[in-house]
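Notes follow the structure.
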Amino acid sequence: MYGKLKYSLVNAISAVLLAATVPAYGETLNVAVAANFVAALEAIQIEFEAESEHTIRIIRGSSGKHYAQIRSGAPFDVFLSADASRPQRLLEEGVAVADSLNTYALGQLALWSREPGIALGEEYLANSANYTTIAMANPRVAPYGQAAAELLEYLGITELVGQKRVLGENIAQTFQFAYSGNADLGLVAYSQTLSANIRAQGSTWLVPTHLHQPIRQDLVLLKDSTAAREFVAFMDSAVVAQILLQHGYLLPRVKR
């Protein structure tokens with residue numbers, strides 16, 4: 001009897017020690033994400049972590065800043081950029097995983113004013129008497145700024161607007177200019193106008209996508225792991241597709 005009890009006790013202790021030494025399988029992924037996509041990624045994070053043993057740590061910032069940090073060796077696992085050029089450059093520079101480039105969303109451009117009840121649109125934008133200043137992201141470095149510049153060129157009002165422009169370093173700063181009143185209008189990311197504290201404010205015109213080139217937002221893997229691959233696969237799921245639409249993005253394979 002004593003021998004059996006001793007044997008059981010030894011087995012129990014061994015099981016506890018073994019459990020303590022077995023590594024957890026779940027990983028924490030460091031995901032660097034463009035500022036305009038943070039709200040959508042937070043919703044995606046909830047769904048991903050509910051289905052996966054892995055977790056996500058969100059590192060927000062401008063795509064340009066993330067790119068520089070990645071080139072300097074920042075320990076990111078995945079990069080969700082606001083454009084297509086920086087992930088492509090990381091591939092060409094041998095920093096990103098070779099076969100991981102993927103377009104995860106198409107951004108939408110919007111004209112926004114903090115003043116409610118304004119019938120914004122092409123005619124309003126073309127009438128210089130309607131506004132004194134208009135904020136847009138720097139088209140040299142920001143994809144939404146490039147789309148805004150293409151819109152103005154398409155409408156033939158580049159020179160008209162040129163004297164009224166207030167350039168933001170990125171789309172987050174651009175929206176802040178319009179939201180704070182430092183600019184009468186803002187050519188911003190449509191997703192920004194749908195955030196919880198903005199949705200019921202101001203006036204919005206969703207710019208038709210045929211008035212500018214598609215705003216491709218690409219992702220790339222920086223470290224090849226099972227967890228990172230699982231996350232990238234999840235970004236192509238029906239769950240994420242619904243979140244993208246709710247947050248003002250278009251699906252990469254769907255044209256409006």
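The values are calculated or read from the model by the stated rules, or taken from the named source; none is laboratory data. Owing to the predicted nature of the structure, the values given are computational and were not obtained by experimental measurement. Counting neighbours? That spans all protein chains shown, and the Cβs are built from the backbone with ideal geometry, glycine included. Note: accessible area is taken over every heavy atom of the protein model, side chains too, but ligands, DNA and RNA are not part of it. Shrake-Rupley method; radii C 1.70, N 1.55, O 1.52, S 1.80 Å.
Can you work out which of the residues in segment 161-172 that are open to solvent by 60 Å² or more (accessible area, probe 1.4 Å) and at pLDDT 90 or above is nearest to residue 65 (Cα to Cα)?
167
Kindly provide the set of residues from segment 32-51 that are of a type in the set (A, V, I, L, M), without any contact (Cβ under 8 Å) to a residue 40 or more places away in the chain and open to solvent by 30 Å² or more (accessible area, probe 1.4 Å), ordered by number.
46, 50
Inside segment 52-70, can you point out the residues that are open to solvent by 70 Å² or more (accessible area, probe 1.4 Å) and modelled with pLDDT of 95 or more?
Taking segment 52-70 first, the residues open to solvent by 70 Å² or more (accessible area, probe 1.4 Å) are 53, 57, 60, 65.
If the condition is that a residue be open to solvent by 70 Å² or more (accessible area, probe 1.4 Å) and modelled with pLDDT of 95 or more, then 53, 57 are the ones that fit.
In segment 112-156, which residues are outside any helix (DSSP H, G or I), touching a residue at least 60 places away in the same chain (Cβ under 8 Å) and small (Gly, Ala, Ser)?
The first filter runs over segment 112-156 and keeps only residues outside any helix (DSSP H, G or I), leaving 112-121, 127, 131-142, 156.
So of that shortlist, the ones also touching a residue at least 60 places away in the same chain (Cβ under 8 Å) come out as 112-121, 141-142.
The answer is 113, 117, 119, 121, 142.
Given the options 105, 137, 142, 126, name the one that is touching a Phe, Trp or Tyr at 6+ places or on another chain (Cβ under 9 Å), within 17 Å of residue 207 (Cβ to Cβ), among the small types (Gly, Ala, Ser) and at pLDDT below 95.
Working: 105 fails: at pLDDT below 95; 142 fails: touching a Phe, Trp or Tyr at 6+ places or on another chain (Cβ under 9 Å); 126 fails: touching a Phe, Trp or Tyr at 6+ places or on another chain (Cβ under 9 Å).
Result of the check over 105, 137, 142, 126: 137.
Quick one: is residue 232 under 17 Å from residue 37 (Cβ atoms), of a type in the set (Val, Ile, Thr) and touching a helix residue (DSSP H, G or I) at 6+ places or on another chain (Cβ under 8 Å)? Walk me through it before giving the result.
Values: under 17 Å from residue 37 (Cβ atoms): yes; of a type in the set (Val, Ile, Thr): yes; touching a helix residue (DSSP H, G or I) at 6+ places or on another chain (Cβ under 8 Å): no.
The answer is no for residue 232.
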